[in-house]
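The values are calculated or read from the model by the stated rules, or taken from the named source; none is laboratory data. Note that the coordinates shown come from a computational prediction; the quantities given were computed from them, not determined experimentally. Cβ: placed from backbone, ideal geometry, glycine included. Neighbour counts: every protein chain shown. Ligands, DNA and RNA are excluded from the accessible area calculation, which covers all protein heavy atoms including side chains. Shrake-Rupley method; radii C 1.70, N 1.55, O 1.52, S 1.80 Å.
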Amino acid sequence: MDIGIVSSFIDEFSGGIGVYTHQILKNLYKMDKQNDYHLIHSSKSDHDIYSQYNEIIIPQNRFIKGWGQQMFWRYFTLPWNLKKYNLDVVHDPYELGPFTFKQPFRKVITVHDLGPLILPELFKEGDVLLHRLLLKKTIEKADKIITVSYNSQRDLMDYLNVPEEDIEIIYNGVDDIFQPLDEKTVEGLKNRLGLPDEFILSVGGLHPIKNIPRLLQAYYMARKNGLRHKLVLVGGVIDGAQEIFQTLRDLKLENQVIFTGTVSNDDLVGLYNAADIFIYPCLYAGFGIPPLEAMACGTPVITSCNSSLPEIVGDAAMLVDPYQITDLANTIKILLDDRELKNILVKNGFKRSKMFNWKKTAYQTLKVYKEVYNY
């Protein structure tokens, strides 16, 4: 088979879809020597993954500038030009794939979640509009829809009436880099990054769906009840960060909360190891990789009781209602004070995180390519 995979999210930023795409490609390269892969994007990139694969470069329209240039490329330039290539299967790791025109190849998309449809008030109007206009059409054109949890499968069936047999559930993985580090390495990282001896960690872009303002309010309440840990927030600004920083100022927490921005994977491993607990109070998640990464590093986890998160973390985390600030504050205090509970969660977390690996994700994705090719 000649398989095309849209790789533009690897080039654009290192968000969740970029991580997903890169991990699948990295593991397919190791396991599949029979098929030919072609990475589809708009310009040359120095990312190391391109040295291992063929490339199809379809340039963006140079007369369109800004945000519209990427949108025009994805929904017009890309689908129109893909017809020129002799591909058997094309996989877009993003739910709004370039499959709106009639095309000669088999089509696979990955729908990670339906956040813009389920909680539209948390997303940009343009993002919500695109999902309302294009997602249903993209799904109808696809030969198979991959999604990353049973929760996301139910959302597809409930919100878009997608037949169950059209959906393949393939869990995400945890990179092997996430593991416990020795104490000397952790102390070195804390010194280099200027981190305090005791801190609580949360990882994820600064986006309304990550629920950071409520986390800050819960942290403030916990401090009023004697908490002395700092709070470290990892992730770049995606959208709607004004409320986060306003809440920070209103609660006068500027000296207690550390924003690292985006960090390298090596530093992220160190941060997980150095943290006393990890909190992921998401309002909605299609999967939720950070809690598993924290577990793999031996850090006890608090996360939300909604969407896919209970399915992913199982019995290896404390679950809270992300809208209930008092409950979140109390849970932080309980976990920090209860050594036996922490040890149980760490033990269960190691076991749980081993259930998810990218090699399995890539293998099951390859099975989907073969299935649609042999329709």
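May I ask you to list the residues in region 18-33 that are open to solvent by 30 Å² or more (accessible area, probe 1.4 Å) and assigned to a helix (DSSP H, G or I)?
Result: Val19, His22, Lys26, Tyr29, Lys30, Met31.
Among the listed residues Asn151, Asn172, identify the single one that is outside any helix (DSSP H, G or I), under 18 Å from the mean Cα position of the chain (by Cα) and within 24 Å of Tyr94 (Cβ to Cβ).
The conditions single out Asn172.
Name the pairs whose Cβ atoms lie under 6 Å apart, with the first residue in region 203-229 and open to solvent by less than 40 Å² (accessible area, probe 1.4 Å) and modelled with pLDDT of 95 or more, the second assigned to a helix (DSSP H, G or I) and among the acidic types (Asp, Glu), and 6 or more positions between them or separate chains?
So the pair list comes out as Pro213/Glu243.
Out of the residues in region 320-343 that are out of contact with any helix residue (DSSP H, G or I) (no Cβ under 8 Å at 6 or more places or on another chain) and open to solvent by 80 Å² or more (accessible area, probe 1.4 Å), state the one that is nearest to Tyr220 (Cα to Cα).
For region 320-343, the residue satisfying everything is Gln324.
For the condition in contact (Cβ under 8 Å) with a residue 40 or more places away in the chain, within 24 Å of Asn265 (Cα to Cα) and open to solvent by 50 Å² or more (accessible area, probe 1.4 Å), what is the one hit in Leu193, Leu189?
Leu193
Count, please, the residues in region 269-283 that happen to be open to solvent by 20 Å² or more (accessible area, probe 1.4 Å) and within 22 Å of Gly173 (Cβ to Cβ).
1
What helices (runs of 4 or more DSSP H) lie completely within region 60-146 and have 2 or more residues being buried (at least 16 other Cβ atoms within 10 Å of the Cβ), touching a residue at least 60 places away in the same chain (Cβ under 8 Å) and not small (Gly, Ala, Ser)?
Helices (runs of 4 or more DSSP H) meeting the threshold: 78-82.
For Asp113, which of the numbered conditions (1) over 30 Å from Ala274 (Cβ atoms); (2) touching a Ser or Thr at 6+ places or on another chain (Cβ under 6 Å) fails to hold?
Only one criterion in (1) over 30 Å from Ala274 (Cβ atoms); (2) touching a Ser or Thr at 6+ places or on another chain (Cβ under 6 Å) is unmet by Asp113, namely (1).
Which members of region 211-238 meet the condition of being of a type in the set (D, E, K, R) and in contact with a strand residue (DSSP E or B) (Cβ under 8 Å, 6 or more places away or on another chain)?
Lys230
Suppose we filter Val320, Val346, Val372, Val301 for residues that are touching a Lys or Arg at 6+ places or on another chain (Cβ under 9 Å), of a type in the set (Val, Ile, Thr) and at pLDDT 95 or above; which single one remains?
After applying the criteria, what remains is Val372.
Taking the residues in region 246-258 that are surrounded by fewer than 17 Cβ atoms within 10 Å (Cβ to Cβ) and not β-branched (Val, Ile, Thr) as candidates, determine which candidate is nearest to Arg192 (Cα to Cα).
Ranking the qualifying residues of region 246-258, first place goes to Asn255.
Can you confirm whether Ile177 is open to solvent by less than 70 Å² (accessible area, probe 1.4 Å) and either out of contact with any Ser or Thr (no Cβ under 8 Å at 6 or more places or on another chain) or farther than 20 Å from Asn27 by Cα (or both)?
yes
Are any residues in region 34-59 outside any loop (DSSP other than H, G, I, E, B), open to solvent by 40 Å² or more (accessible area, probe 1.4 Å) and in contact (Cβ under 8 Å) with a residue 24 or more places away in the chain, and if so, which ones?
Asp36
How do the strands (runs of 3 or more DSSP E) wholly within region 272-355 filter down when requiring 1 or more residues that are without any contact (Cβ under 8 Å) to a residue 60 or more places away in the chain and within 27 Å of Leu156 (Cα to Cα): which remain?
The strands (runs of 3 or more DSSP E) meeting that bar are 301-304, 318-320.
If you scan region 285-313, which residues turn out to be under 18 Å from the mean Cα position of the chain (by Cα) and either at positive phi or among the acidic types (Asp, Glu) (or both)?
Scanning region 285-313 gives Gly288, Glu293, Ser307, Glu311.
Residue-wise test of (1) more than 26 Å from Lys102 (Cβ to Cβ); (2) more than 24 Å from the chain's Cα centre (by Cα).
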residue	(1), (2)
Lys26	yes, no
Leu39	no, no
Ser45	yes, no
Tyr50	yes, no
Arg62	yes, yes
Met71	no, no
Tyr75	no, no
